[in-house]
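This report refers to the structure that appears directly beneath it.
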Amino acid sequence: LYTPQFFTVFWNSARLVTIILAGKLLVGVPAAWGFAVYRFRGKKLFFTIYIVFMLLPFQVTMLSQYLVLDRVGVMNTHWAVILPAVFSTFPVFLIYRGFCTIPSGLLEAGRIDGAGEWRLFWQIGLPLASGGILSAMVLGFLEYWNMIEQPLAFLKDKSLWPLSLYLPEISQNRAGFAFAASVVTLVPSVFVFLLGQDYLEQGIVASALKE
């Protein structure tokens with residue numbers, strides 16, 4: 001278990017998940033706020049497109065992602081996995097539902113009191129929709145800590161692989177090592193799930209509510 005290769009892939013997983021979740025916060029939260037709070041031309045059309053992209057499995061979008069990432073020049077780098085994950089649509093939908101639970105009258109009262117849009121976002125939107133945001137982060141961690149298809153398709157260099165791809169490479173005659181590595185892989189997921197279970201339930205309930 002204490003091999004340089006294991007520590008490399010473990011660090012790869014930790015780095016990938018951390019950057020992806022940070023990117024989701026920077027991109028998904030403002031996008032969800034915009035869809036939930038503001039009215040603009042084509043809003044329903046854009047949100048419908050978001051929903052359609054959310055329903056598409058990775059196998060459908062893999063070729064288009066590969067062509068775009070290859071043209072950008074990030075193939076066989078961690079950015080090939082990070083960029084598509086950061087701009088995924090499901091967290092936006094989940095966080096959007098959390099923002100929709102904020103009464104519009106509360107926002108109007110804030111505007112009447114002189115609060116700007118940025119202040120409304122920070123002092124009203126984020127605290128009241130924290131359940132949806134945290135549930136999206138928990139689901140994102142569980143998904144990308146265990147991802148297999150994306151790194152397998154976009155990463156050729158095994159030194160860049162995450163831990164989820166390293167485990168199947170362990171030979172059968174190293175069963176003890178494979179078991180120990182599996183436990184180490186499972187511990188962060190279990191810890192994050194137990195820590196964010198309440199927020200996860202709130203987010204699932206919120207995403208099931210109709211506008």
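The values are calculated or read from the model by the stated rules, or taken from the named source; none is laboratory data. Please read all numbers here as calculations on a predicted model, not as lab measurements. With ideal geometry, Cβ positions are generated from the backbone for all residues, glycine too; neighbour counts draw on all protein chains shown. Surface accessibility is based on the protein's heavy atoms, side chains included, excluding ligands, DNA and RNA. Shrake-Rupley method; radii C 1.70, N 1.55, O 1.52, S 1.80 Å.
Per-residue accessible area for Met147 at 1.4 Å probe radius, Å² rounded to 10?
10
Have a look at segment 1-130 and give its Rg and Dmax from the Cα atoms, expressed in angstrom.
Here Rg and the maximum Cα pair distance are 18.6, 61 Å.
For Phe99, what accessible area in Å² do you get when you roll a 1.4 Å probe over the heavy atoms of the protein chains, rounding to the nearest 10?
Roll a 1.4 Å probe over it and Phe99 shows about 10 Å².
For segment 1-129, what does the accessible surface come to per residue with a 1.4 Å probe? Please give it in Å². Write down the numbers at each step before the final one.
Working: 7690 Å² over 129 residues.
About 60 Å² of surface per residue is accessible.
I'd like to compare 103-112, 78-87: which one has the highest average count of other Cβ atoms within 10 Å, and what's the full order after that?
On the way: 103-112: 11.7, 78-87: 19.6.
Going by the mean number of other Cβ atoms within 10 Å, highest first, we get 78-87, 103-112.
Could you check the spin-label model distance between Val187 and Ile51? Points 7 Å from the Cα along Cα→Cβ, value in nm.
Going by the 7 Å Cα→Cβ label model, 4.3 nm.
DSSP loop trypsin sites (Lys or Arg not before Pro) in segment 1-84 with at most 12 other Cβ atoms within 10 Å of their Cβ, which ones?
Within segment 1-84, the qualifying trypsin sites (Lys or Arg not before Pro) (loop, at most 12 other Cβ atoms within 10 Å) are Arg39, Arg41.
Please report the carbon-and-sulfur percent of the accessible area for segment 68-118; probe 1.4 Å, protein heavy atoms only, DNA, RNA and ligands left out.
Working: 1690 of 2680 Å².
Accessible surface attributable to carbon and sulfur in segment 68-118 totals 63 percent.
Might you work out the accessible area of Tyr166 for me, using a 1.4 Å probe with all protein chains in place, and round it to the nearest 10 Å²?
Approximately 20 Å² of Tyr166 is accessible to the 1.4 Å probe.
From the backbone phi of segment 5-18, what are the Karplus-calculated ³J(HN,Hα) couplings (6.51 cos²θ - 1.76 cosθ + 1.60, θ = phi - 60°) in whole Hz, Gly and Pro given as x?
5, 5, 5, 5, 6, 5, 5, 4, 4, 4, 5, 4, 5, 4
Only Cα pairs under 8 Å and at least 6 apart count here; give the relative contact order of segment 1-119 as a rounded whole percent.
Numbers: 57 pairs, mean separation 51.7, N = 119.
Relative contact order here is 43 percent.
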